[in-house]
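Asks: One structure, as structure tokens, below. Some questions next.
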């Protein structure tokens, strides 16, 4: 973004107190760690204000000042708290060097409208800081899990070795446990069996129904839509309770009357239950894609002698494919992630990965869970990227087709 | 019709199970099926007199029990009646063997013999319980679900020490409201920022919202368990910074705070996404116009921007509230005993106490609340407008 406002240097009377306040804030934490928060505030404020004064009035060279601050605070950090302290110090130094000149040169107004009052400028940045804090809240739990899964100890917290970035403190043993432990492997395999089959069922039926619903002459469209989406709205615990009663009767019928294998019946029950849960997602995404679909294309195809099946696969399918795939991914992750229903409907031989994690969290809590969690995070990042790419592609495709 | 296969599938594997749950919550055939003759004989007995039923009832009871013991159904009846009156289960189990050896044709009269086997059969209350719960369709489970019970004198409230469910319903509603409120507070500034930043930056920041949204629920729950523990990341950091003394670590797990913090985090994306899509459509010219006409920042926000963003708040709130009210996994893991929801009670009755009727009744009440909210959601937003990602 280009500069909106011409910038000018600010008086020391504004810069120094602000820098001192920021320094005091940092000093409070350092001081609290060393024993006295109050002393920390005083030293931090004095040090930073002094630095700012020296840089502005005496040194007047931004690049040199930056290196002095970064290295200086890095050394102080190293002296107080070792290697980790040094990294914190380097980062703090980088921030303060930036912050002092950002204020002094008036760069903070560069991208704002020129007529804003000082209060409004402050409000603007205060608001950004709050938003930043909320983003941190959103992302921290995920970021905390990643390094902890490499812990060499069986603890759920950062050990001193890890904080010193000592290679001794890290290991892959939880991952090894996941890949060698029978329990985990079996549940992983179960998840890989159940989720794809459930996804295929919900995608096939869901796409058909979405196409049917998109035609203009469907009687009771609203009611049908309501029924089809209801598995997403009804709380899982209620769906699970209902399915528990119902599928145990069905299961008894299949086993007793038709003489099917108990294990096989168990899989059928869980797959059917998961397929139902995935359907709303398919319906919603495919319907959304179909909104922009030009019906005259299918008429044109029919006009040229293509049958309905051929029209569907040659014309309609390629255009709505992105929506279908992203609906399928939603359905997949719903099933892959689902624990309440499988807990109620399935039996021990259908134990899925989330179920295993759930029992692990409730009973014998083992750090292998964190390794599994990390693997799942990686999977979800991959899925998220796929969905995002598909969305862009879909928009591009629809942009090309005549509106 | 292309819709038909799916509609049938959903009807068969989703709507029918829910209906069977509704049915379960009032179904009570077990007393009549197991003790048909006794139930009939009890019709002539007036339980308000406080006297024991006469020989005819005992005779019918012995005949019923012999059949029931052959089919091994008497213990199931015992545990059914145990939900209503503690001690019934063991009474049926213990009397079973001796009653089974009797011969209804020759061994009568039975009244004293049966009372000899177990004192409980000499208590008019026992028979009153059997009679009260003999109809095939009962409101007993629903009365239990709201801390009342079915008695010969009509519905009465449970004794003080058994009244937990109303409190649990209240807590579920209260905590869902708190979670919804904190989601609004956190989501509003973020959605505002995302809607007003240039597209490229906001798409990047959107990843920070979508990543938690796509991450497995159990991953996030386990992350919160790791963070909130006594020896967890938050406490360790606070102790390291010296903000909290080592012996006064914060108790933020296994109570309401733990549930609220974790669930707010988990449900936050569901609030941000609808808010963002509404705020995106608010034209920035309106606020500029207001400012150019001399409105202060606050007036501009409160009179111009906020009213236009209300649909987003409404949509997000109902969505979050619906999701929160039925949550099971997260409260179960980080909620301890003080932070659990009504759904945890349902799961307990399904898998531990096996009182399925009560579980179904609780589920039905919860379902009714959710359906009401769903209807509101449909009125405000419309189910066709639900968007994902």
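Asks: Normalising by the residue count of chain B, find the relative contact order in percent from Cα pairs under 8 Å and 6+ residues apart.
Replies: 18
Asks: Can you tell me the 0 to 90 degree angle between the C-alpha axis of helix B:165-196 and the longest principal axis of chain B, rounded to 10?
Replies: The helix B:165-196 is inclined about 20 degrees to chain B.
Asks: OK, next. If you build the convex hull over the alpha carbons only and average its shadow over all orientations, what do you get for the range B:29-138? Give it in nm² to one decimal.
Replies: Here the figure is 6.1 nm², rounded to one decimal.
Asks: Using a 10 Å cut-off around each Cβ, can you sort A:224, A:58 from fewest to most neighbouring Cβ atoms? Walk me through the numbers on the way to the answer.
Replies: Values: A:224 19, A:58 8.
Going from least to most buried by this count: A:58, A:224.
Asks: At 20 °C and a viscosity of 1.002 mPa s, what translational diffusion coefficient does Stokes-Einstein give for the protein assembly as shown, taking Rh as the Kirkwood radius over Cα pairs? Give it in µm²/s as a whole number. List each step's numbers first, then the result.
Replies: Details: Rh = 31.0 Å.
Once the numbers are plugged in, D ends up at 69 µm²/s.
Asks: Sticking with this one: Quick one: compute the contact order of the range A:1-152, relative version, from alpha carbon pairs under 8 angstrom and 6+ residues apart, as a percent.
Replies: Details: 159 pairs, mean separation 37.3, N = 152.
Once divided by the residue count of the range A:1-152, the mean separation gives 25 percent.
Asks: Which stretch or stretches of the range B:47-90 have amide N atoms under 15 Å from the point lying 7 Å from residue B:353's Cα along the Cα→Cβ direction?
Replies: B:79-89
Asks: Quick check: residue separation of residue B:163 and residue B:4 times 0.36 nm, minus the Cα distance between them. What number comes out in nm?
Replies: Between residue B:163 and residue B:4, full extension yields an extra 52.6 nm.
Asks: Pop the C-beta distance of residue A:80 and residue A:378 into the FRET formula with R0 = 45 Å and round what comes out to the nearest 0.05.
Replies: The pair residue A:80/residue A:378 has a calculated efficiency of 0.80.
Asks: Another question about this same structure. Restricting things to Cα coordinates, could you compute the convex hull volume per residue of the range A:197-314 in Å³?
Replies: It comes to 142 Å³ per residue, whole-number rounded.
Asks: Right, here's the next one. What 222 nm value per residue comes from the helices of chain A, counting each DSSP H run with n ≥ 4 as -39,500 (n - 2.57) and dividing by all residues, nearest 500 deg cm²/dmol? Show your work: numbers first, answer last.
Replies: Values: 16 runs with 306 residues, N = 403.
That calculation yields -26000 deg cm²/dmol at 222 nm.
Asks: In 10 Å bins starting at zero, report the fraction of Cα pairs in the range B:165-385 per bin as a rounded %.
Replies: 8, 26, 30, 22, 12, 2, 0
Asks: Something else about it: Measure off 7 Å from each Cα along the Cα-to-Cβ vector at residue A:392 and residue B:280, then give the distance between these two points in nanometres to one decimal.
Replies: Distance between the two pseudo-spin positions: 1.5 nm.
Asks: Have a look at B:250, B:373, B:267 and tell me which one the Gaussian network model of chain B (Cα, springs below 10 Å) gives the largest fluctuation.
Replies: So, out of B:250, B:373, B:267, the one fluctuating most is B:250.
Asks: Order of A:350-359, A:333-342 by packing, highest average Cβ count within 10 Å first?
Replies: Going by the mean number of other Cβ atoms within 10 Å, highest first, we get A:333-342, A:350-359.
Asks: Rounded to the nearest 10 degrees, what's the angle between the helix A:353-362 long axis and the longest principal axis of chain A, both from Cα atoms, 0 to 90?
Replies: Once rounded, one gets 60 degrees.
Asks: Can I ask one more? Quick check: pseudo-label points 7 Å beyond the Cα along Cα→Cβ at residue B:153 and residue B:337, how many nm apart are they?
Replies: Placing both labels 7 Å beyond Cα along the Cβ direction yields 3.2 nm.
Asks: Taking the number of other C-beta atoms within 10 Å as the exposure measure, put B:121, A:67, B:224, B:298 in order starting with the fewest.
Replies: Exposure proxy ranking, most exposed first: B:298, A:67, B:121, B:224.
Asks: If you don't mind, another one. In square nanometres, what is the average projected area of the Cα convex hull of the range A:228-279?
Replies: 3.6
Asks: Using 0.36 nm per residue, how much length does the chain from residue A:71 to residue A:125 gain when fully extended, once their Cα-Cα distance is taken away?
Replies: Numbers: separation 54, 0.36 × 54 = 19.44 nm, distance 2.76 nm.
That works out to 16.7 nm of additional length.
Asks: Sorting B:123, B:247 on the 10 Å Cβ count, fewest up front, what's the list?
Replies: Details: B:123 16, B:247 6.
Ordered by Cβ neighbours within 10 Å, fewest first: B:247, B:123.
Asks: What FRET efficiency, computed as 1/(1 + (r/R0)^6) with R0 = 51 Å and r the Cβ-Cβ distance, is obtained for residue B:310 and residue A:257, rounded to the nearest 0.05?
Replies: Calculated value: 0.35.
Asks: Could you tell me which of rounded, prolate or oblate describes the range A:121-204, using a ≥ b ≥ c as the square roots of the eigenvalues of the alpha-carbon gyration tensor, with rounded for a/c under 1.5 and, failing that, prolate when a/b is larger than b/c and oblate otherwise? Each step should come with its number before you reach the end.
Replies: Values: a/c = 5.02, a/b = 1.27, b/c = 3.96.
The shape class here is oblate.
Asks: If each of residue A:223 and residue B:302 carries a label point 7 Å out from its Cα toward its Cβ, how far apart are those two points in nm?
Replies: 4.8
Asks: Applying 1/(1 + (r/R0)^6) with R0 = 22 Å to the Cβ-Cβ distance of residue B:44 and residue B:125, what FRET efficiency is obtained, to the nearest 0.05?
Replies: After rounding, the FRET efficiency stands at 0.75.
Asks: Over chain A, what per residue volume does the convex hull of the Cα atoms give, in whole Å³? Please list the in-between numbers first.
Replies: On the way: hull volume 95.6 nm³, N = 403.
Given the Cα convex hull of chain A, per-residue volume reads 237 Å³.
Values in this text are rule-based calculations from the coordinates and carry no lab data. The structure displayed is predicted, hence computed values, not measured ones. In this analysis, Cβ positions are derived from the backbone assuming ideal geometry, glycine residues included, and neighbour counts consider all displayed protein chains.
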